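Visitor: Sharing a structure with you now.
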Amino acid sequence: MSGLLSVSFHLLLLFKLVAPVTFRHHRYDELVRTLYKVHNECPYITRVYSIGRSVKGRHLYVLEFSDYPGIHEPLEPEVKYVGNMHGNEVLGRELLLQLAEFLCEEFRNGNQRIVRLVESTRVHILPSMNPDGYEVAATQGADSSGYLVGRNNANGVDLNRNFPDLNTYIYYNEKHGGPNHHLPLPDNWKSQVEPETQAVIQWIRSFNFVLSANLHGGAVVANYPFDKSLEHRVRGFRRTANTPTPDDKLFQKLAKVYSYAHGWMHQGWNCGDYFPDGITNGASWYSLSKGDHGDYFRLLLPGTYTVTATAPGFDPETVTVTVGPGEPKLVNFLLKRSVPQATPTRRVPNSGHGDRVLPKQV
């Protein structure tokens with residue numbers, strides 16, 4: 001507990017050193033200008049790139065922070081933040097813009113905590129996954145009672161219920177045998193998702209993200225996977241039930257670090273709901289199908305692990321490795337090509353034409 005409180009205390013001290021934060025809404029054009037403004041102020045540690053376009057053709061811009069922008073460095077974790085998945089939920093969008101400005105400003109000021117972060121981590125910030133929905137919500141004005149207006153994308157689709165349902169495959173494999181990670185997407189997945197969803201999926205497949213955060217509006221809680229309940233449906237609805245991932249202890253620890261860094265999230269009470277320590281397993285809160293809690297790269301707590309590397313045409317190799325609490329561990333594999341087994345043969349007489357060689361039946 002004291003360690004978590006020290007994180008919160010350190011964050012409070014850190015934010016007191018910077019200028020007061022002024023929140024205001026950024027329409028799409030202003031959002032783009034803000035991203036490029038940060039890039040122009042910190043050109044050597046940032047990169048702006050687009051992962052695709054929305055239904056209405058707006059770019060889904062990402063701002064990257066790294067000491068080598070555009071380059072993956074071995075042992076350097078890739079982390080992503082996503083905001084504004086629901087167009088009417090604007091707080092995450094503005095927080096991520098503030099985060100971008102904060103990282104740039106503090107790096108320029110020589111803040112050693114931020115310098116170490118930029119030099120040891122590659123951070124990708126997508127402030128708006130649903131820019132079309134945001135524009136619809138912003139156009140209606142602050143006095144409108146239609147608080148759900150703009151939640152969906154321009155095709156009327158909830159993007160947080162538009163990803164391929166990998167949970168069903170995981171739960172089936174756990175019961176009947178099969179992998180619970182690195183699952184292949186369905187062959188026709190591109191025809192089943194929206195342009196924004198497709199862009200994010202291709203983004204995830206292009207980077208080995210080891211940690212992600214998706215900022216929503218509403219309940220003040222740190223929600224960790226899985227989101228879809230393993231329990232059977234009752235009258236058409238899937239019952240809520242705690243449905244942990246194989247890395248549940250680590251996800252709980254990460255969620256608590258976040259909630260205790262918040263002013264009061266860790267207290268648990270929120271709009272009539274109570275979440276112990278300010279965290280919840282998604283499926284134990286409510287079951288959500290086709291959300292963005294899909295496949296993920298494994299995060300490891302300190303310990304000893306058995307790791308096997310395989311590749312078609314090569315013999316597998318297994319090593320035992322101990323992962324400590326500090327620096328990441330690099331494990332190299334040198335796989336040997338498989339030697340094809342010769343097929344045993346036998347000779348049979350063939351009158352008038354010599355012997356014939358036939359494969360042996362085994």
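Visitor: Give, rounded to the nearest 20 debye, the magnitude of the charge dipole that region 28-285 has about its Cα centre when Lys and Arg contribute +1 at Cβ and Asp and Glu contribute -1 at Cβ.
Guide: Using only the charged Cβ atoms, the result is roughly 540 debye.
Visitor: Using a 1.4 Å probe on the protein heavy atoms only, what accessible surface does residue 49 show? Give it in Å² to the nearest 10.
Guide: So the heavy atoms of residue 49 present about 30 Å² to solvent.
Visitor: Probe radius 1.4 Å, ligands and nucleic acids ignored: give me the carbon and sulfur share of the accessible area of region 28-285 as a rounded percent.
Guide: 52
Visitor: What figure, in Å² to the nearest 10, do you get for the accessible area of residue 71 with a 1.4 Å probe and non-protein molecules left out?
Guide: 90
Visitor: Return the loop-located trypsin sites (Lys or Arg not before Pro) in region 97-131 (DSSP other than H, G, I, E, B) with at most 11 other Cβ atoms within 10 Å of their own Cβ; answer none if there are none.
Guide: Counting only loop positions with at most 11 other Cβ atoms within 10 Å, none of the trypsin sites (Lys or Arg not before Pro) in region 97-131 qualifies.
Visitor: Would you mind checking the pairs 80/256; 80/253; 256/329; 228/249 and listing those with alpha carbons more than 21 angstrom apart?
Guide: 256/329
Visitor: If you don't mind, there's one more thing I want to ask. For 260, 68, give me the order by solvent-accessible area with a 1.4 Å probe, most accessible first, ignoring ligands, DNA and RNA.
Guide: Listed by decreasing accessible area, they come as 68, 260.
Visitor: Could you give the size of the charge dipole of region 125-277 about its Cα centre, using +1 on the Cβ of each K and R and -1 on the Cβ of each D and E, expressed in debye and rounded to the nearest 20?
Guide: Dipole size: approximately 460 debye.
Visitor: Considering amide H positions built from the backbone, and no H for Pro or chain starts, which residues 5 or more places from residue 243, or on another chain, come under 5 Å of its amide H?
Guide: 226, 283, 284
Visitor: Could you rank 187, 67, 315 by how accessible they are, 1.4 Å probe, largest area first?
Guide: I get 187, 315, 67, largest accessible area first.
Visitor: With all protein chains present, calculate the accessible area of residue 36 using a 1.4 Å probe and round the result to the nearest 10 Å².
Guide: My reading of the accessible area for residue 36 is about 90 Å².
The values are calculated or read from the model by the stated rules, or taken from the named source; none is laboratory data. Predicted model only: the values in this text are computed from it and were never measured. Here Cβ is always computed from backbone atoms with ideal geometry, including for glycine, and neighbour counts include all displayed protein chains. What goes into the accessible areas is simple: the full protein's heavy atoms, side chains included, and nothing from ligands, DNA or RNA. Shrake-Rupley method; radii C 1.70, N 1.55, O 1.52, S 1.80 Å.
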